[in-house]
1. Residue under question is A:A87, and the condition is that it be in a helix (DSSP H, G or I) and at the interface with another protein chain (Cβ under 10 Å from one of its Cβ atoms); does it hold?
2. Among the listed residues B:L54, B:L93, B:L122, B:L66, which satisfies the condition of being facing chain A (nearest Cβ under 10 Å) and either touching a Pro at 6+ places or on another chain (Cβ under 6 Å) or surrounded by fewer than 24 Cβ atoms within 10 Å (Cβ to Cβ) (or both)?
3. Return a yes/no flag: does the stretch A:45-54 have any residue that is at pLDDT 95 or above and under 13 Å from the mean Cα position of the chain (by Cα).
4. Would you pick out the residues in the stretch B:287-310 that are under 21 Å from the mean Cα position of the chain (by Cα) and over 16 Å from B:L329 (Cβ atoms)?
5. Go through the stretch A:160-195 and give me each residue that's part of a loop (DSSP other than H, G, I, E, B), under 18 Å from A:N133 (Cα atoms) and not aliphatic (A, V, I, L, M).
6. Could you say which residue among B:T204, B:T239 is out of contact with any helix residue (DSSP H, G or I) (no Cβ under 9 Å at 6 or more places or on another chain), more than 10 Å from every other protein chain (Cβ to nearest Cβ), crowded, with 17+ Cβ neighbours inside 10 Å and not small (G, A, S)?
7. Just to be sure before I move on: is A:I61 under 22 Å from B:V235 (Cα atoms), within 14 Å of another protein chain (Cβ to nearest Cβ), assigned to a loop (DSSP other than H, G, I, E, B) and not basic (K, R) in the structure I sent?
8. For residues that are free of Cβ contacts under 8 Å to residues at least 40 places away in the same chain and surrounded by fewer than 24 Cβ atoms within 10 Å (Cβ to Cβ), scanning just the stretch A:44-94, find the one that is nearest to B:L66 (Cα to Cα).
Amino acid sequence: MTVETRQPPKEEHPMEKLLRMDRIPHIWCSTCGLGTTVTALATALAQLELDLDKVAVVSGIGCTGRVAGYMKLDSFHTTHGRAIPFALGLHIARPDMKVIVLSGDGDLISIGGNHFIHTARRNVDITVICVNNFIYAMTGGQVAPTTPITARAATAPHGNFEHPFNLPILAASSGATYVARWTALHVRRLTEAIKDAITKPGFSFVEVIAPCSTLYARLNRLGSGLDLMKFYHDNSIIRHGADMNEVDIDFQSKIVVGKFVDIEKPTYLDCINDGYKRVFGNRYQPYGGANGDH
Amino acid sequence: MKADAKNVLTGAHYLDGNHACAEGGIAAGCRFFAGYPITPSTEIAERISQRFPLVGGLFIQMEDELASMAAILGASWGGVKSMSCTSGPGFSLMMENFGLGIMTETPCVLVNVQRGGPSTGLPTLPGQADMMQARWGSHGDYEVIALAPDSPQESFELTIHAFNLSEKYRMPVLIMTDECVGHMTEKVVIPPPEEIELIARRYTEKKPDEALPFELTDDLISPMLPVGKGYKFHVTGLTHDERGYPVINAEAQEKNVVRLMDKVNKHADDIIWLEESDVEDAEVVIIAYGISSRVVKPAIARAQKEGIKVGEVKMVTVWPFPEKRVKELASKVKALIMVEMNYGQVFLEMDRIVGGKCATYLAGHAGGTVHKPDDVYRIIKEAVK
């Protein structure tokens, strides 16, 4: 007797090349904006047809900090707020690689705020994607430097009364060459923005306004994750090149999204190499780090 | 592996400890330095910034010490030998990412030119009161390697040695020098490059789908995985398994932490470096490190002239602590004397290990100046009474 069997081909998940499938399911809540953001990043990387061996992702601490652990790339989950300086070191050692920092608003802008502005000032050629959910989610919904005025948080139970940061203007005034903001609803535009940012030489910054239904929405009675997406749908205003003085986000206000900055400026390593070349002439060898030559 | 010939300043120089340390880093192949100005360590960064452009290195003055430490870890994973230097308050700030370096087993060298503390303390004067911070300054259980040079010559040599240890054991290594050594100018002989032995980083020989970033090996030192070569590995400061994946439970914690500690403890005999003189038939032995190990010499000479049998153990490595040797000495001598510029940080470790087998004395003070040999001499006299 002959037994023949033909198994149907195993279907590969479209993200399989970019995700550590052995770590799925992830720890994020359903309706969290991180799923969309990771999808946008993975799609952007796939569409750019980059050599994925030459892409590294660095995260700090928090819900978004966990992104590094799910991406099938050289990935580094560092300390709270320090993803950017770690990424700076990695980029300087391997300027041939694309280094992408993906972290949250608390991580990048509060505890890591100093690193954020100085790395933008230097125009270090890395991409920073900040998932802004207006709150410290991993630790249970505490107030953040992005929490809108009057919004409630676990450590602002009566409402937040501090002025929040306007991230696009912070990035732009610190020296970023590319600044865009989208919400987790704008998947296609977000993907395009991430592609632009990765391709852009210099410090490129993408803010992703993302729903946190477990904490931000619950503490502020904003409904389900779907309700938040509906809110983004009804209240986002696409305004490319907007005056960034007018893109502040108030509690449940309109959200101005779009591409705000896209300029050309020599990167940190360009400046260093050109500067030393002027001083030392041919005696100076442009710094190239290890450049893959271990 | 030998030092890069064209960048080693072979010959006799007149250098202070900080400049000598910078030259040691360059000779060791350090090509990335991230730092933040702080007295009395800044001359290391200054010399590096002056020398790096022509040796193929990159110096960056970061926005603070937190960033400096994070950046050298990132660059080290990128495959470039990296270092930083600091003092006092800066050392406190670096402790966070020093811990990340320990947890992620990242080779790099951190120099602390110690000054008087606590807080801003004595920025321009020496101290040795960061020794326990070196040991326990970052949170959690771990072991460290710390070296203490006693001169500009040793600052040069021990910086190379620190890089070698960091690559061999795949971990950050501390150089715990002090303001006195840092600013003391003496003859420094830099040998020809072919006489400078360097330990190269050990990378995995396995293929990407087989290699693990924290593989459990017999010697507990996992070869590193290179970035940019398709290994697509994950590294985290969280408690992790051999794959580098976070595992948040007691069992994984036990495995992870114990391996990090065993990596140092089981190689302690290889790491520990002591220099002994006149210890053989000594009645009393002085133990000291860094500048204090030089200051005791006139006191020892004076006591010996009077016929007192006193020897010295200079600890070139302070951590891991030389438990075995201190135990042996305790069973042979009448007293052990620790001389250090603090109120007993390493003394108490020595006393714990002596366990009452002999008398112990501390010659300690709060820093600001080195010991007076007379004060050490008086303790020797007291100890032999």
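The values are calculated or read from the model by the stated rules, or taken from the named source; none is laboratory data. Just so we're clear, the structure is a prediction, and the values are computed from it rather than from any experiment. Cβ sites come from the backbone with ideal geometry, for glycine too, and all protein chains shown count toward neighbours.
1. Numbers: in a helix (DSSP H, G or I): yes; at the interface with another protein chain (Cβ under 10 Å from one of its Cβ atoms): yes.
Yes; evaluated as a whole, the condition is true for this residue.
2. Working: B:L93 fails: facing chain A (nearest Cβ under 10 Å); B:L122 fails: facing chain A (nearest Cβ under 10 Å); B:L66 fails: either touching a Pro at 6+ places or on another chain (Cβ under 6 Å) or surrounded by fewer than 24 Cβ atoms within 10 Å (Cβ to Cβ) (or both).
Selected residue: B:L54, the only one of B:L54, B:L93, B:L122, B:L66 that is facing chain A (nearest Cβ under 10 Å) and either touching a Pro at 6+ places or on another chain (Cβ under 6 Å) or surrounded by fewer than 24 Cβ atoms within 10 Å (Cβ to Cβ) (or both).
3. No, that holds for no residue.
4. The answer is B:G290, B:I291, B:S292, B:R294, B:V295.
5. So the first thing to find is which residues in the stretch A:160-195 are part of a loop (DSSP other than H, G, I, E, B), and the list is A:160-166, A:175-177, A:184-186.
Subset that is under 18 Å from A:N133 (Cα atoms): A:160-166, A:184-186.
A:N160, A:F161, A:E162, A:H163, A:P164, A:F165, A:N166, A:H186 - these are the residues of the stretch A:160-195 that are part of a loop (DSSP other than H, G, I, E, B), under 18 Å from A:N133 (Cα atoms) and not aliphatic (A, V, I, L, M).
6. Details: B:T239 fails: out of contact with any helix residue (DSSP H, G or I) (no Cβ under 9 Å at 6 or more places or on another chain).
Just a single option satisfies the conditions, and that option is B:T204.
7. Values: under 22 Å from B:V235 (Cα atoms): yes; within 14 Å of another protein chain (Cβ to nearest Cβ): yes; assigned to a loop (DSSP other than H, G, I, E, B): yes; not basic (K, R): yes.
Judged against the criteria, A:I61 is a match.
8. Among those that are free of Cβ contacts under 8 Å to residues at least 40 places away in the same chain and surrounded by fewer than 24 Cβ atoms within 10 Å (Cβ to Cβ), it is A:H80.
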